[in-house]
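Worksheet: the structure to be examined is printed underneath.
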Amino acid sequence: MKNITKSDITAVILSGGQATRMNHQDKGLIFFKNRPLISYVSSAIQKEVCCILVSANRNLNTYQEFGEVITDNLPGFQGPLAGVFSALGKVKTKYLLIVPCDAPFINSCLITRLLKHMQQSNADICVATDGQIIHPTFALINTDLKDNLSDFLAKNNRKMGLWFRNNHTHEVNFSDCTNMFVNLNSPEDFDAI
């Protein structure tokens, strides 16, 4: 069994999208119950990792409050894998925790369970599933995959799920706490909660 501690894990909070369903507002900075969405995520993970990166492409100064800001190395808002790739170019730890900025119900159970499965398996990626579908932006990956991801992106592939399927991925069941995957993508989502 691998021994992985918080000093082996960097987190990246994905905040670099265009937020088309939110009228192009910067989702991580939209207030939910008097706090920016990203603050819920950073608070939930900060004690579980050695450092936090924030993948953002605008409002860079504001995001610095929540972690070290990195921008996409690839032009033109190419999706979450662009943020992951930029993070892999920056990290010095063996593992990278991937989380989205718009999931205010994330809690430490996410890291604890992903870490447990990473330690007990030979997987390079442990990704959360709600028992039916995977949630690719809730994952723990081995940072040795940087060159692998570079090759994948060079072929104009952008789907996280496909990249996961192309590697040794272990799905981790979170069917007992699916509220963690509630993400706020549109004004209607905010109204529903």
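Would you confirm, using the coordinates I've provided, whether Phe66 is within 27 Å of Asp26 (Cβ to Cβ), more than 13 Å from the chain's Cα centre (by Cα) and not hydroxyl-bearing (Ser, Thr, Tyr)? Talk me through it step by step, then tell me what you get.
On the way: within 27 Å of Asp26 (Cβ to Cβ): yes; more than 13 Å from the chain's Cα centre (by Cα): yes; not hydroxyl-bearing (Ser, Thr, Tyr): yes.
For Phe66, the condition - within 27 Å of Asp26 (Cβ to Cβ), more than 13 Å from the chain's Cα centre (by Cα) and not hydroxyl-bearing (Ser, Thr, Tyr) - is met.
Exactly one residue among Leu153, Leu145 is modelled with pLDDT of 95 or more and over 24 Å from Asn107 (Cβ atoms), and that residue is Leu145.
Looking at segment 16-35, which of the residues that are crowded, with 22+ Cβ neighbours inside 10 Å and in contact with a Leu (Cβ under 8 Å, 6 or more places away or on another chain) is modelled with the lowest pLDDT? Walk me through how you get there before you give the answer.
The initial filter retains those residues of segment 16-35 that are crowded, with 22+ Cβ neighbours inside 10 Å, namely 16-17, 26-28.
The next check asks that each one be in contact with a Leu (Cβ under 8 Å, 6 or more places away or on another chain); those that pass are 27-28.
Values: Lys27: 82, Gly28: 89.
So, considering only residues that are crowded, with 22+ Cβ neighbours inside 10 Å and in contact with a Leu (Cβ under 8 Å, 6 or more places away or on another chain), the one modelled with the lowest pLDDT is Lys27.
Of all the numbered requirements in (1) in a loop (DSSP other than H, G, I, E, B); (2) at pLDDT 90 or above, Leu96 misses one, and that requirement is (1).
Quick check on this structure: which one of Val91, Val69, Val54, Val49 is touching a Gly at 6+ places or on another chain (Cβ under 9 Å) and at negative phi? Please lay out each step first, then the result.
Numbers: Val91 fails: touching a Gly at 6+ places or on another chain (Cβ under 9 Å); Val69 fails: touching a Gly at 6+ places or on another chain (Cβ under 9 Å); Val49 fails: touching a Gly at 6+ places or on another chain (Cβ under 9 Å).
The unique qualifying residue is Val54.
Cβ separations smaller than 7 Å between residues 6+ apart or across chains give the following pairs from segment 134-161 residues that are farther than 18 Å from Cys101 by Cβ to residues that are basic (Lys, Arg) and not in a strand (DSSP E or B): Asn142/Lys94; Thr143/Lys94.
Taking Asn166 as the residue in question, decide whether it is more than 16 Å from the chain's Cα centre (by Cα), without any contact (Cβ under 8 Å) to a residue 40 or more places away in the chain and under 25 Å from Val69 (Cα atoms). Here the answer is no, as Asn166 does not meet what is asked. Does Leu145 satisfy being surrounded by 18 or more Cβ atoms within 10 Å (Cβ to Cβ) and touching a strand residue (DSSP E or B) at 6+ places or on another chain (Cβ under 7 Å)? Criteria not met by Leu145. Within segment 100-132, how many residues are part of a loop (DSSP other than H, G, I, E, B) and either closer than 17 Å to Thr10 by Cβ or not small (Gly, Ala, Ser) (or both)? Residues in segment 100-132 being part of a loop (DSSP other than H, G, I, E, B) and either closer than 17 Å to Thr10 by Cβ or not small (Gly, Ala, Ser) (or both): 10 in total.
Among the residues of segment 90-138, write down those that are of a type in the set (Asp, Glu) and over 18 Å from Gln46 (Cβ atoms).
Keep residues of segment 90-138 that are of a type in the set (Asp, Glu), which gives 102, 124, 130.
Residues satisfying the conditions are Asp124, Asp130.
The values are calculated or read from the model by the stated rules, or taken from the named source; none is laboratory data. None of these values were measured; they are calculated from a predicted model. Reconstructed Cβ throughout: ideal geometry from the backbone, glycine too, with neighbour counts over all protein chains shown.
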